[in-house]
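The values are calculated or read from the model by the stated rules, or taken from the named source; none is laboratory data. Everything numeric here is computed off the predicted structure, so don't read it as measured data. Here the Cβ positions follow ideal geometry from the backbone for every residue, glycine too, while neighbour counts run over all protein chains shown. The accessibility values were calculated without ligands, DNA or RNA, using every heavy atom of the protein model including side chains. Shrake-Rupley method; radii C 1.70, N 1.55, O 1.52, S 1.80 Å.
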Amino acid sequence: LTHHGIALASGPGPGKGLPQLEPAAVLLRQAIAVKPIFEAYVNLAGVCNQMAQASQDTALKRSLYLEAEASASQAVKMAPQNPQAWNNLAIALYFQDKRTEAVQTLRRAFDLAPGDPQITANLKALGG
């Protein structure tokens, strides 16, 4: 999978738990503070989604999914034709129990990249 996002059905890959991802999140937050560009937002959304899936702390999960949603929403505003931004947004929405919105968002990602195996798998996992 690319570094931009994750599949809904899978957690972080081997060795990609919170300790390994936190430095990336810190650097991406710093990059956004200096120069808020699309790549930083879409990557931060993916990293926050991965960190949330790896976390056992309910409050931390909630906070990370909120941050992922905010970052992905900004990425979508900056590049509305980018399917990975929509996919990252859908993941954050799904894990906040915003299922209907997540399916609609994922359908948008699928419309932009119908051959993307990650997006297709995520859409199937949501029953969309």
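Using the rule -39500 (n - 2.57) for each DSSP H run of four or more residues, divided by the residues of the chain, the 222 nm mean residue ellipticity is -23000 deg cm²/dmol. With Rh defined as the Kirkwood radius, the inverse of the mean 1/r over Cα pairs, the Rg/Rh of the chain is 0.94. Rounded to the nearest 0.05, the FRET efficiency derived from the C-beta distance between Ala33 and Lys98 at R0 = 25 Å is 0.35.
Just the protein heavy atoms count here, and of the accessible area of the chain at 1.4 Å, carbon and sulfur take up 59 percent.
With the Cα gyration tensor of the stretch 57-111 giving a ≥ b ≥ c as the square roots of its eigenvalues, does the rule (a/c under 1.5 for rounded; else a/b larger than b/c for prolate; else oblate) give rounded, prolate or oblate? Oblate, since a/c reaches 1.5 and b/c is not below a/b. Remark: accessible surface ordering of Val76, Val26, Val34 (largest first) is Val34, Val26, Val76, probe radius 1.4 Å.
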